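Report on the following structure.
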Amino acid sequence: MTERQRALLVLNGLGLLVTAVLSGWLHFFQLLGEIELWPIVQDVDVQVPGEARAWIMAHMEGITNGLLLMAIAAIAPMLKLAPLQARWLFFTSLTFAWMFTLPAIANAWFGTRGLAYGGGPFGGGLANDLIYLSGWPPIVAVHLAFGLLLMGAWRHLQSL
């Protein structure tokens, strides 16, 4: 993996952490039912939609995926991959990190789960179905990325 790709993974990881902070603020305001930032802002009624569980999930997706991108960047020198494989690792990592995090935020906002087309046991709707369909690229990407990570680490170990 090139230095530029590694730097971009770190930058995207930081972007996901910032996204996690923002979704954490939305969760905080959702729990309170108001914006309360004494002494700056206080008692501003706000109704953030969704459930606490969904906002926690959205917050944790951003943290987990942001840290994972930075970890991949950090271990990249210990992966023995061909240039095309490294490029695939780079793009699949960006795909799964953002496309697991942003739909989690959408699920929290729209009160959906996005786990089954039509909603399954959770109820459906257009937002649910779009979020469900957006889940397929990151599911494929995460499996490819972890396969490449394992292969690259194994090859590196064998070369020692």
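The values are calculated or read from the model by the stated rules, or taken from the named source; none is laboratory data. What you are looking at is a predicted structure, and each value in this text was computed from that prediction instead of being measured. As a convention, Cβ positions derive from the backbone with ideal geometry for all residues, glycine included, and neighbour counts pool all protein chains shown.
Has segment 129-141 got any residue that is buried (at least 19 other Cβ atoms within 10 Å of the Cβ), more than 23 Å from LEU11 (Cβ to Cβ) and either touching a Lys or Arg at 6+ places or on another chain (Cβ under 7 Å) or of a type outside the set (Gly, Ala, Ser) (or both)?
yes
Quickly run through segment 53-70 and pick out the residues that are under 30 Å from LEU89 (Cβ atoms) and charged (D, E, K, R).
The one that is under 30 Å from LEU89 (Cβ atoms) and charged (D, E, K, R): GLU61.
Mind listing just one residue for me: the one in segment 53-89 that is assigned to a helix (DSSP H, G or I) and of a type in the set (Lys, Arg) and, of those, surrounded by the most Cβ atoms within 10 Å (Cβ to Cβ)?
Checked segment 53-89; the qualifying residue surrounded by the most Cβ atoms within 10 Å (Cβ to Cβ) is ARG87.
From the list GLY15, GLY50, exactly one residue is surrounded by 15 or more Cβ atoms within 10 Å (Cβ to Cβ) and without any contact (Cβ under 8 Å) to a residue 60 or more places away in the chain. Which is it?
GLY15
Return the only residue of GLY33, GLY50 being at pLDDT below 90 and either touching a Gly at 6+ places or on another chain (Cβ under 7 Å) or closer than 17 Å to SER93 by Cβ (or both).
Just a single option satisfies the conditions, and that option is GLY50.
Going by what's in this entry, would GLY114 be described as surrounded by fewer than 18 Cβ atoms within 10 Å (Cβ to Cβ) and either farther than 18 Å from ALA71 by Cα or among the basic types (Lys, Arg) (or both)?
Spelling it out, it is not the case that GLY114 is surrounded by fewer than 18 Cβ atoms within 10 Å (Cβ to Cβ) and either farther than 18 Å from ALA71 by Cα or among the basic types (Lys, Arg) (or both).
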